Structures are given as structure tokens and as C-alpha cells.
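A short worksheet on the structure shown next.
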Amino acid sequence: MKKRSKKTQKRQQNHIFWIYGYHATVAALKNPNRRKIKLLLTIDTQKKIVQEKDLNIGELKQEILTRAEIDNLVGKNLNHQGICLSVEKIQKKSIREFLDEQDKDNSIIVLLDQLEDSQNVGAIFRSALAFNINGIILTENKSVNENGFIAKTASGGLDMVPFTYISNLASAIKTLKDSGYWVYGLEGKAEKEIRKINFPNKTVLVLGSESDGMRKITTNLCDELIKIKTNDQLESLNVSNSAAIAFFHLDLNSRK
């Protein structure tokens with residue numbers, strides 16, 4: 001039998017990480033697209049998790065440990081709540097595969113252009129789950145990759161909101177437009193306010209990076225630029241705060 005190369009082994013190791021925290025772990029366990037490797041939990045958490053509906057973990061390797069033992073394995077500074085799950089990163093889908101899984105008539109997608117902060121990305125996934133966003137697209141270049149901190153911050157959103165990564169922004173936006181989506185960019189200097197927009201049934205909202213906002217190339221690819229009106233004394237909102245407000249408006253619009 002052929003031995004696996006060190007490169008292959010290293011690549012597989014880079015795709016494995018710990019999801020920790022109760023809500024994040026339960027969401028990962030319920031996600032059919034997530035490959036699970038090993039579950040660590042305390043006796044108390046085991047008693048709690050058996051009460052979860054639609055959770056089948058019978059064949060998954062499990063270890064009952066103390067909180068201190070879990071600390072030693074995954075890190076003492078992580079708020080793991082007595083439960084951790086070793087997983088593989090979700091396999092990337094092409095933009096067309098991703099869109100094939102969306103509703104053909106009603107779909108709200110968020111495109112994150114070069115967001116590098118795990119806290120922000122995790123918070124955006126959490127808000128996306130709260131306000132019924134149907135999917136998230138992230139750029140591969142200068143973007144944070146899937147990790148345990150994002151999963152914990154997202155509180156289940158990472159495994160409940162479909163997502164994928166793209167390598168070519170212009171090509172992806174062209175595909176979105178060809179599929180019937182109208183692309184809005186959230187830009188602080190835009191003239192139109194988000195609360196005054198009557199969004200179409202198939203909408204893409206683009207959010208730019210934490211430091212520089214949307215790139216010039218990205219704004220040029222959008223059909224329309226919109227803003228969140230704030231007090232003149234405030235220069236701008238954090239991107240995850242802006243996302244939550246925008247998602248609320250999009251969800252409200254979809255309910256009309």
C-alpha cells in the first residue's frame with residue numbers, strides 16, 4: 001500500500017480544527033455537510049446533549065473528559081462549555097453549485113470582500129442566521145479562513161448558513177447577475193439610504209473590508225451603492241454592526 005506523502009498529511013491536518021461551545025458544536029453535529037472526527041464532552045454536557053432533537057451521534061468517536069482535560073487538549077483560554085468537536089473544513093463549492101442550492105425565486109446572499117477578522121466574520125454569520133440570510137460568499141484572497149473562533153462567535157451560524165469561497169470576484173458577480181441577482185454594495189458615501197430601497201427577490205449585498213471598506217473594483221461591479229444613515233458625529237460603523245442593521249432591513253423587506 002502506498003504511503004501518503006508528508007504534503008498530503010499536512011494539507012489534511014490544515015483542514016482539521018476544533019469547534020467548541022455548546023451551540024456551535026450542536027450545529028456542527030447536525031450539519032450533514034460537515035465531516036466530524038471526534039467529540040469531547042463532560043458528563044454534564046453529555047446529559048444535556050442527549051435531549052437535542054434530530055441529533056444522531058451514535059457512530060461518532062466520543063470521549064468523556066473533565067473540563068480541565070478538555071482545556072489541556074484544546075486550550076485553557078477557550079470558553080468550550082464542556083464540549084468540543086474535531087472537524088474538517090467544509091468542502092468548497094463552486095459558485096454555480098452554491099447557487100443551484102438557492103431558491104430560484106427568492107434568495108438573499110451576502111458577499112464578504114476581503115474580511116480578515118474572525119470576530120467580525122463570526123458575528124456576521126450569527127446575524128445572517130438571525131435575519132434569514134440564505135447564503136454567504138467570501139473571497140479567498142485576504143480573507144479569514146474557517147476556524148473555531150468564527151464558529152464560536154457565530155453561535156451555530158457557520159454550520160447553519162450555507163457559504164463558499166470564490167477566487168475571482170468579477171467572475172462570481174457576473175455569475176450572480178446572470179442568475180438574476182441585483183448586486184448592492186454597502187458604502188458609507190453612497191447617496192441612497194438602505195431603508196428607502198425596495199429590494200428585489202434576488203439580492204446580493206456586498207460588504208467591504210474592516211479597514212478600507214469596499215475596493216474600487218468592487219464598487220464598480222455593483223449595480224447600486226447604498227448606505228446606512230448614521231449621526232453625523234460618527235464616521236462609520238464596525239462592519240459586523242453594519243451587517244446586522246443591513247440584514248434586518250433585507251429581512252424586513254422580504255416579509256412585505
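The values are calculated or read from the model by the stated rules, or taken from the named source; none is laboratory data. From a predicted model like this one, the values you see are computed outputs, not experimental measurements. We place every Cβ from the backbone using ideal geometry, glycine too, and count neighbours over all the protein chains shown. Accessible surface is based on the protein model in full, side chains and every heavy atom, while ligands, DNA and RNA are left aside. Shrake-Rupley method; radii C 1.70, N 1.55, O 1.52, S 1.80 Å.
Heavy-atom accessible surface of the stretch 55-129, averaged per residue, reaches 55 Å², computed with a 1.4 Å probe.
Counted by Cβ distance under 11 Å from Asn238, the other residues give a net charge of -2, where Lys and Arg count +1 and Asp and Glu count -1.
Scaling the Cα radius of gyration of the stretch 131-203 by the globular reference 2.2 N^0.38 Å produces a ratio of 1.29. By the helix-only formula, in which each DSSP H run with n ≥ 4 contributes -39500 (n - 2.57) and the sum is divided by residues, the chain has a 222 nm mean residue ellipticity of -10500 deg cm²/dmol. Lys227 sits among other residues whose Cβ lies under 12 Å from its own Cβ, and their net charge, with Lys and Arg +1 and Asp and Glu -1, is +1. Sorted from longest to shortest, the spans of the Cα atoms of the stretch 144-256 along the three principal axes equal 37, 37, 33 Å. Ranked by the mean number of other Cβ atoms within 10 Å of their residues, highest first, the peptides 92-101, 244-253, 78-87, 17-26 come out as 17-26, 78-87, 244-253, 92-101. Projecting the Cα atoms of Ser107, Leu205, Ser171 onto the charge dipole of the stretch 75-219 (Cβ charges, centred on the Cα centre) puts Leu205 farthest toward the positive pole.
Charged side chains reduced to their Cβ positions (Lys and Arg at +1, Asp and Glu at -1) give the chain a dipole of some 980 debye around its Cα centre.
Could you give me D for the stretch 36-130, from Stokes-Einstein at 4 °C and 1.567 mPa s, where the hydrodynamic radius is the Kirkwood radius over C-alpha pairs? Units µm² s⁻¹, please. Approximately 78 µm²/s, per Stokes-Einstein. Comparing Phe131, Leu78, Phe248 along the charge dipole axis of the chain, the residue lying farthest to the positive side is Leu78, per the Cβ-charge model. For Lys93, the residues 5 or more places off, or on other chains, whose built amide H falls under 5 Å of its own are Tyr165. Please list log₁₀ I(q)/I(0) at q = 0.07, 0.15 Å⁻¹ for the chain, using the Debye equation with identical point scatterers on the alpha-carbon positions. Log10 I(q)/I(0), no solvent term: -0.27, -1.07.
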